[in-house]
Amino acid sequence: MNISTDALEMRLIELEAAIAAGRLEQAELIAEADRRQLATADGCRSLNEWVASRLDVSPETASALARVARTTCAELADGAHSFDRISEWCRLFVSPQRSIGGSPPEAGGGHSLTLHDTLAFDIAGLRRHVASCRRLTSQDESVVFDGRYLAIQPSLDESRFRLWGQLAGVDGKLVEQALDARADEFPRDVPSSLGQRRADALVSLAQSTSTGSASVPLVSVFVDGDRFTGAGETGVSVEAGPRVGPNTLAELVCTGSVEVNATSQGRLLAVGKRSRVVSGRLRRHVLHRDGGC
């Protein structure tokens, strides 16, 4: 790319200013949409949900847009600040239940912070400062608690599941600590990201609840003789319906107590005995030797 370093930096700054201007225009339109109660008319639970679905943005971006839409202040339109800075500053003045169109009051605890004043902080520092002084009323807490939910969305063939939701702060911290505590019990020599370890921890906790043991899940595997391939890529499912592939099948054989059921043309041909395929001692050896099963 034939561009000087100074020109490159200036262009990046210009683009960020254009993004902020576009987001502020969106926020203004979202405020009007809220006044017209479009979210309720479309059957959405909240303005945030409506924004996320209509604009195809993440819940975090939708929340930031709705938060800015609820703040009326001339400073927002001066074009001198990034949208991230604006949205964090607006946390001082917008409660979950505050209606659109109100003027920003003084921040909690008697603090008054203008948008220009926020330039003394980077975004992370501003987020910490805002969290330390914004109002959190009992009504705010009730709104957050009433907004709790957990959504579980399977794919069409149930070969994967997507989970997302929202919890109140204390409950979210409790779940985070429980997942991290269970993840810390896993072998350290198995490379995985924090997200992967938490996902494994959630499954492990579910196994503990349903079987009484975190290490020995009891799984029924159904093999369709009409569709089964030697590699196990088709014709294999587990109880409750989800299809599984060769990697999941190998993991079940390695980690769980498995009952194999053979079918053909919809008829049950054979039911195997439920047995532990790999002993705990052998499994620990494999994990240590190979870094995984």
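The values are calculated or read from the model by the stated rules, or taken from the named source; none is laboratory data. No experiment lies behind these values; they were computed from the predicted model shown. For neighbour counting, all protein chains shown are included, and Cβ atoms are generated from backbone atoms with ideal geometry for every residue, glycine included. Areas reflect the complete protein model, heavy atoms only, side chains present, ligands, DNA and RNA absent. Shrake-Rupley method; radii C 1.70, N 1.55, O 1.52, S 1.80 Å.
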Test set (1) touching a strand residue (DSSP E or B) at 6+ places or on another chain (Cβ under 9 Å); (2) assigned to a helix (DSSP H, G or I); (3) closer than 30 Å to S82 by Cβ; (4) touching a residue at least 12 places away in the same chain (Cβ under 8 Å) - V143 fails condition number: (1)
Complete set of residues in the stretch 205-232 that are at pLDDT 80 or above and open to solvent by 70 Å² or more (accessible area, probe 1.4 Å): none
The lone exception for R182 - which of (1) modelled with pLDDT of 85 or more; (2) open to solvent by 70 Å² or more (accessible area, probe 1.4 Å); (3) in contact with an Asp or Glu (Cβ under 9 Å, 6 or more places away or on another chain) it fails: (2)
Count - residues of the stretch 1-59 that are in contact with a Gly (Cβ under 8 Å, 6 or more places away or on another chain) and either of a type in the set (D, E) or surrounded by fewer than 11 Cβ atoms within 10 Å (Cβ to Cβ) (or both): 0
The stretch 9-52 - residue that is of a type in the set (K, R) and more than 20 Å from E88 (Cα to Cα) and, of those, nearest to the chain's Cα centre (by Cα): R45
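Residues that are under 19 Å from W164 (Cβ atoms) and of a type outside the set (S, T, N, Q): which helices (runs of 4 or more DSSP H) entirely in the stretch 1-69 hold 1 or more of them?
By residue number, 38-41, 47-55, 59-69.
For (1) closer than 22 Å to P59 by Cα; (2) touching a residue at least 12 places away in the same chain (Cβ under 8 Å), each residue gets a yes or a no:
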position: G147; (1), (2): yes, yes
position: S155; (1), (2): yes, no
position: E158; (1), (2): no, yes
position: A168; (1), (2): yes, yes
position: R188; (1), (2): no, no
position: A199; (1), (2): yes, no
position: A206; (1), (2): no, no
Residue, farthest from the chain's Cα centre (by Cα), within the stretch 53-82, restricted to residues that are farther than 29 Å from D117 by Cα and charged (D, E, K, R): R54
Cross-chain or 6+ apart pairs with Cβ under 7 Å, the stretch 112-125 first and closer than 15 Å to R91 by Cα and open to solvent by less than 50 Å² (accessible area, probe 1.4 Å), then polar (S, T, N, Q) and at pLDDT 85 or above: none
The stretch 65-78, subset open to solvent by less than 60 Å² (accessible area, probe 1.4 Å) and either of a type in the set (K, R) or over 20 Å from R35 (Cα atoms) (or both), residue modelled with the highest pLDDT: R67
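Before we move on, is R35 touching a residue at least 24 places away in the same chain (Cβ under 8 Å) and touching a Phe, Trp or Tyr at 6+ places or on another chain (Cβ under 6 Å)? Full working, then the answer.
On the way: touching a residue at least 24 places away in the same chain (Cβ under 8 Å): yes; touching a Phe, Trp or Tyr at 6+ places or on another chain (Cβ under 6 Å): no.
When the stated conditions are applied, R35 does not pass them.
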First in the stretch 1-21 and at negative phi, second anywhere and at pLDDT below 95 and in a helix (DSSP H, G or I), Cβ under 6 Å, 6 or more apart: A20/F83
Among the candidates L202, L156, residue that is modelled with pLDDT of 80 or more, open to solvent by 50 Å² or more (accessible area, probe 1.4 Å) and not in a helix (DSSP H, G or I): L156
